[in-house]
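First the structure, in the form of structure tokens, and then the observations on it.
The values are calculated or read from the model by the stated rules, or taken from the named source; none is laboratory data. Computed from a predicted structure; not experimentally measured. Note: ideal-geometry Cβ built from the backbone for every residue, glycine included; neighbour counts use all protein chains shown.
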Amino acid sequence: MNFVKIISSTITSGKMMVKHLRMGKSDTRESKQITPFGVDSNPIKDTVAAYSETSVMGDDLVVGYVVKQSATEPGEIKIFAVNDEGFEQIYLHLKKNGDIWFGGNVGNLTRFQELQTAFNQLKSDFNSLVTTFNTHVHPETGVTTGPTPTPGSPSSADVSGAKIDQFKTL
């Protein structure tokens, strides 16, 4: 097994083919990439990879990559994407305590439908209160004084801007 430097990659007949330098600039090879089941990735230029020959001549493999900055604890997995310069852009980190971090750990995702249901109930209750307030009258020695002089306004609040279509949950 050798460590190699990735030059480029292409998809050929549905397979990821990785071009790499093996033993110097004159030893450029193209090999199939092996990944865990269910993972489809495409390495960027200059990534360091583990390369292995097989018992079949010309059927060599890139079997893995060297992670530059590991952030997982035992039992965890992190999937990430980088830009062309190798800087992490987004990640999905499955933590050993059952948490899942979608690109960070400061904010919280919500179940939008449940949030919208509760919000719409609160908005309806508020608008009912505004209507009741605006239509009440004050009895004064047998004379009604009419509607409230400074009426309230119904809510036009909306939570639909909080919905993130790219994130799905149960």
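Checking Ile79 against (1) out of contact with any Leu (no Cβ under 6 Å at 6 or more places or on another chain); (2) closer than 30 Å to Ser31 by Cβ; (3) at pLDDT 90 or above, only one condition comes out false. Which one?
Of the numbered conditions (1) out of contact with any Leu (no Cβ under 6 Å at 6 or more places or on another chain); (2) closer than 30 Å to Ser31 by Cβ; (3) at pLDDT 90 or above, the odd one out for Ile79 is (1).
So, in segment 75-102, of the ones that are closer than 29 Å to Lys19 by Cα and hydrophobic (A, V, I, L, M, F, W, C), which residue ends up surrounded by the fewest Cβ atoms within 10 Å (Cβ to Cβ)?
Taking the candidates together, the pick is Phe87.
Just a yes or no: is a residue in segment 122-131 among the charged types (D, E, K, R) and modelled with pLDDT of 90 or more?
yes
Taking segment 3-27 only, how many residues are within 19 Å of Asp84 (Cα to Cα) and without any contact (Cβ under 8 Å) to a residue 40 or more places away in the chain?
Keep residues of segment 3-27 that are within 19 Å of Asp84 (Cα to Cα), which gives 4-11, 16-21.
This time we only want the ones that are without any contact (Cβ under 8 Å) to a residue 40 or more places away in the chain, so: 7-11, 16-17, 19, 21.
Residues that pass the stated criteria total 9.
When you scan segment 12-32, do you find a residue that is within 24 Å of the chain's Cα centre (by Cα), assigned to a loop (DSSP other than H, G, I, E, B) and of a type in the set (D, E, K, R), even just one?
Checked segment 12-32: no residue is within 24 Å of the chain's Cα centre (by Cα), assigned to a loop (DSSP other than H, G, I, E, B) and of a type in the set (D, E, K, R).
What is the residue count in segment 96-137 for residues that are closer than 30 Å to Val66 by Cβ, assigned to a loop (DSSP other than H, G, I, E, B) and within 15 Å of the chain's Cα centre (by Cα)?
5
Taking the conditions exactly as written (at pLDDT 90 or above, over 24 Å from Gln166 (Cα atoms), loosely packed, with under 14 Cβ neighbours inside 10 Å and not basic (Lys, Arg)), does Thr72 satisfy them or not?
In short, yes.
Is one or more of the residues making up segment 57-68 without any contact (Cβ under 8 Å) to a residue 24 or more places away in the chain, surrounded by fewer than 12 Cβ atoms within 10 Å (Cβ to Cβ) and among the hydrophobic types (A, V, I, L, M, F, W, C)?
The answer is yes, given that some residue of segment 57-68 is without any contact (Cβ under 8 Å) to a residue 24 or more places away in the chain, surrounded by fewer than 12 Cβ atoms within 10 Å (Cβ to Cβ) and among the hydrophobic types (A, V, I, L, M, F, W, C).
Output the number of the condition that His93 fails; it satisfies all remaining conditions of (1) at pLDDT below 90; (2) not in a loop (DSSP other than H, G, I, E, B).
For His93, the failing item is (1).
When you scan segment 33-42, how many residues do you find that are in a loop (DSSP other than H, G, I, E, B) and surrounded by 11 or more Cβ atoms within 10 Å (Cβ to Cβ)?
Of the residues in segment 33-42, 4 are in a loop (DSSP other than H, G, I, E, B) and surrounded by 11 or more Cβ atoms within 10 Å (Cβ to Cβ).
Does at least one position in segment 68-87 carry a residue that is of a type in the set (S, T, N, Q) and assigned to a strand (DSSP E or B)?
Scanning segment 68-87, I find no residue that is of a type in the set (S, T, N, Q) and assigned to a strand (DSSP E or B), so the answer is no.
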